[in-house]
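The values are calculated or read from the model by the stated rules, or taken from the named source; none is laboratory data. Note that the coordinates shown come from a computational prediction; the quantities given were computed from them, not determined experimentally. Cβ: placed from backbone, ideal geometry, glycine included. Neighbour counts: every protein chain shown. For the accessible areas, the whole protein counts, side chains as well, though only heavy atoms, and no ligand, DNA or RNA atoms are used. Shrake-Rupley method; radii C 1.70, N 1.55, O 1.52, S 1.80 Å.
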Amino acid sequence: MFSKVFSGALKGIDGSLIQVEADVGSGLPGFQLVGYLASEVKEAQDRVRTAIKNAGFRLSAMKVTINLSPANVRKEGTAFDLPIAVAVLSAYGQIEKTDLLRDSAFIGELGLDGSVKPVTGTLSLMTAFRDAGLKRCFLPVLNLQEGLAIEGIDVIPVKRLSELVPMLNSQQLQPAGRCKPGSERPQTEYAIDYREVNGQRLLKRATEVAVAGHHNILYIGPAGSGKSMIASRIPTIMPPLSSKERLEVSKVYSVCGMLPRGKALLTERPFRSPHHTISPQALTGGGKVPRPGEISLASRGVLFLDEFPEFQRRTIEVLRQPLEERRITISRAYGACEFPADFMMAAAMNPCPCGFYPDRSRCTCQDSQIRRYMGKISRPLLDRIDICVEAAPVTFREVRGEEENESSAAIRRRVEAAWKIQRERFEAMDFCFNSEMSGKEIKQYCVLQKEEEAFLQEAYQKLGLSARGCQRILKVARTIADLDGAERIGIEQLGEAAGYRGLEEKYWGREEY
Amino acid sequence: MQEQLQNKIMLYWLCQVPKMGAVTIRKLWEHFQSFTDIYNIEETKLQESGLLTAAQLASIKAWKGRLGECMEAYQKLASRNIHFITPLDEAYPDRLRELYDYPMGLYVKGRLPAAEQPSVAIVGARGCSAYGGQVAGEFARVLAQEQVQVISGLASGIDSAAHNGALRAGFPTFGVLGCGVNVCYPPSNYSLFEAMVNCGGVLSEYPPGEQPAPGHFPRRNRIISGLADVVLVVEARERSGSLITAELGLEQGKEVYAVPGRVTDALSAGCNRLIEQGAGVAISPGVILDCLGLKHGKKLILHENNINGLAKKEKMVYSCLDLNPKHLDEVANACGLSVKECMGILFRLELAGHITQTASHYYGKNIRK
């Protein structure tokens, strides 16, 4: 007898519908599994056979053939165990009513005892099922919350194979109830807060400006000056994720099996801080079947690169394109996948190999050493960093201080207002932040009055700014004006923006001997 | 005429031979009177002179076959804008002839210091403080304004600051390199290097293409002090190459001056030591000018900029600064302004030339005469 059930395969962070066909017929007894399968899918036959037996079903010795169609799509993962089991049982006639199967999908891994275990990528698969017009999905209990996040399709949690079959036979389905909308709101309460950061007023202000305009930022300072502390708190001043963003980011985490247990969607903006030994593939994503990398995991959040010059040149260079395009396409043997990569980059580095520069009384590095250190960072990448700040030496008063610092919530309110202004400004564009403005938009939105124009000209000539440097100042000045709620860019905003230009710029991208 | 040229080319050849130092070449010259002879003479005669070691003899022998190559290179020097000046030439600086180990050949880009004009060597630490750099620059600028040629080593730190200061006054300044004159070391000084070729000159006793090596720098120091009438040390640690220059200057009978520093300052320890040993105390450029016997107008004392005419807040921020650069946070805390406001004001002060940003977000006052 032939039977067919629906399941799904992952490609990148998108799911696609897969039909699991099973046929039971006479012939030499055996279990044949076909359809362009990865080895973990091929192994499913042993798990399924044993699980079926331990779930209490007796199957007579017959020839069983299973095909996963379309047969030209590579299938990976363990989510096919459950649909294969259901297809086999149905082909054997153990499931009597098959009309339910026509608009249901199944995902889940089987244990040898017939228990149903969680799988990755539920969000993407569920989206695919809903878009294909299926009415319900049977999935592992532990993936229930994730499944519920997708609306427009019923979710039926399954604990064991043995209880699934009676459920299907009785046709008494109990879709899991959805929690009241809004009960899982994006989080604005964080375990960490800017209130805990004493001193470093410049770094905090610069971070606020950077977040407000989605500018990339570079912190320079000795070890222990609070660079990482400040960077790790960036998500706390970012406005909460919109529901569209949450779904997009959560899909990435779901595919990687990194969603927090029992949570449907990511509630906090991601903060990723890969170690500097990371490979280019781990950063961008890769693998025979492409999987998302750190930049995609940091999407809609922060990618923090500590010890920036210690990263391999090759690793850092791959960031250039995603920084521009806000997404990345990975092409590998089994196809090309596109992942989101819309992150804010924060980088941190020491000012020199010993860390004490510019305190010449303590720094023993030679100028050439300092320049070589600075030169490790590639110029094209630094051109994409709008804000560059140096950490102040921490005073004892600040270390021990109990002074009242501004909370993340207060900063976030200002950032939110600035984001709102930018959203309205760039409504018709395909981007929404000042940092993404190109020459044309800068001309349109960074209009200077006569006085300001003269000021900028003077700065350009006296300080030897580059054309790009000038544009960066304008973009940052626009953001500062947005933070101030000012329509026009004034001298103060220009002055502050100019202060964020990297002074060591001239050394960048020049590795010396 | 032809003979003289021939003689000079032979000297050029001899300068290219490895293991031949300035003193050895000079002694050979005194012994044989002609470089052409030195080339043509038999090896035994050279040996008999007793001036050469076995290694040097072997080296000369090996290089005899490369004369043609050397001649070609010599002809090409002119097209590379490099002058080869030897003691045979009138253009050779008289100040150097007095040295025991005067260089037998100088490769020059630009020109050489004029004999009739006073010159001062300004030397100091490569990793100088922002304050030291400013002092060196201002001393050089004031001296150059009074028609004094500033000599230094085109290294980073004090050397560059001094050259730059002299160039600000638009007066020729001269750099003595520890590598070939077509090699810019450190490479970051390239624009300064170019400017000096046009206004003043760079010179070296090492042939073009020679890469910088640790041993070269102490040796070129004798040329720096030799070309100067006064040696001024601005900032130097207790054990520093600048002290070698000062010592060589003393041996050559030059006046040595040092800029005094705080007693706790490691970067000034060398200068203070010199003063303790009897060096002149360079409290202002005027002291140096007096020493050179140059008349100058009003007192030349270095001080901070005149800040009359600044707005109230700008004055406030300025008064929180120091010659030692401070981080923006410190400034903002000291004057009680927000980071945002402080940054704008500092930027304006920087544009107006009152202060300098020495490293990112570190600001220090400027010194002016």
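Can you report the number of residues in the range B:214-243 which are open to solvent by less than 30 Å² (accessible area, probe 1.4 Å), farther than 18 Å from B:Asp94 by Cβ and assigned to a loop (DSSP other than H, G, I, E, B)? Of the residues in that region, 4 qualify.
Selection of the range B:244-274 for residues being surrounded by fewer than 22 Cβ atoms within 10 Å (Cβ to Cβ), closer than 26 Å to A:Cys365 by Cβ and not basic (Lys, Arg) yields B:Ile244, B:Val263, B:Thr264, B:Asp265, B:Ala266, B:Ala269, B:Asn272.
From the list A:Ile411, A:Ile328, the one residue that fits, being more than 30 Å from B:Thr358 (Cα to Cα), within 14 Å of chain B (Cβ to nearest Cβ) and either outside any loop (DSSP other than H, G, I, E, B) or touching a residue at least 12 places away in the same chain (Cβ under 8 Å) (or both), is A:Ile411.
The rows are residues; the columns are (1) more than 9 Å from chain A (Cβ to nearest Cβ); (2) open to solvent by 50 Å² or more (accessible area, probe 1.4 Å).
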site	(1), (2)
B:Gly286	yes, no
B:Asp290	yes, yes
B:Leu310	yes, no
B:Glu314	yes, no
B:Asp322	yes, yes
B:His327	no, no
B:Ala334	yes, yes
B:His361	no, no
B:Gly364	yes, no
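Selection of the range A:419-458 for residues being surrounded by 15 or more Cβ atoms within 10 Å (Cβ to Cβ), aliphatic (A, V, I, L, M) and away from chain B (no Cβ under 14 Å) yields A:Ile421, A:Met437, A:Ile442, A:Leu448.
Given the structure, is B:Ala22 open to solvent by 30 Å² or more (accessible area, probe 1.4 Å) and hydrophobic (A, V, I, L, M, F, W, C)? Considered against the rule, which asks whether it is open to solvent by 30 Å² or more (accessible area, probe 1.4 Å) and hydrophobic (A, V, I, L, M, F, W, C), B:Ala22 comes out as no. Considered as a group, the residues in the range A:18-33 that are more than 34 Å from the chain's Cα centre (by Cα) and of a type in the set (A, V, I, L, M) include one that is surrounded by the most Cβ atoms within 10 Å (Cβ to Cβ), and that residue is A:Ala22.
Does B:Cys271 satisfy the condition of being over 15 Å from the mean Cα position of the chain (by Cα) and more than 21 Å from A:Ser368 (Cα to Cα)? When the stated conditions are applied, B:Cys271 passes them. Looking only at the range A:336-363, filter to residues that are touching a Gly at 6+ places or on another chain (Cβ under 8 Å) and more than 30 Å from A:Val289 (Cβ to Cβ); which one of those is nearest to the other protein chains (Cβ to nearest Cβ)? Filtering first and then ranking leaves A:Arg360.
May I ask you to verify whether A:Thr78 is within 24 Å of A:Ile330 (Cβ to Cβ) and not in a helix (DSSP H, G or I)? Please lay out each step first, then the result.
On the way: within 24 Å of A:Ile330 (Cβ to Cβ): yes; not in a helix (DSSP H, G or I): yes.
When the stated conditions are applied, A:Thr78 passes them.
Taken over the range A:459-497, the criterion of being assigned to a helix (DSSP H, G or I), open to solvent by 20 Å² or more (accessible area, probe 1.4 Å), among the hydrophobic types (A, V, I, L, M, F, W, C) and in contact with an Asp or Glu (Cβ under 9 Å, 6 or more places away or on another chain) is satisfied by A:Leu483, A:Ile491.
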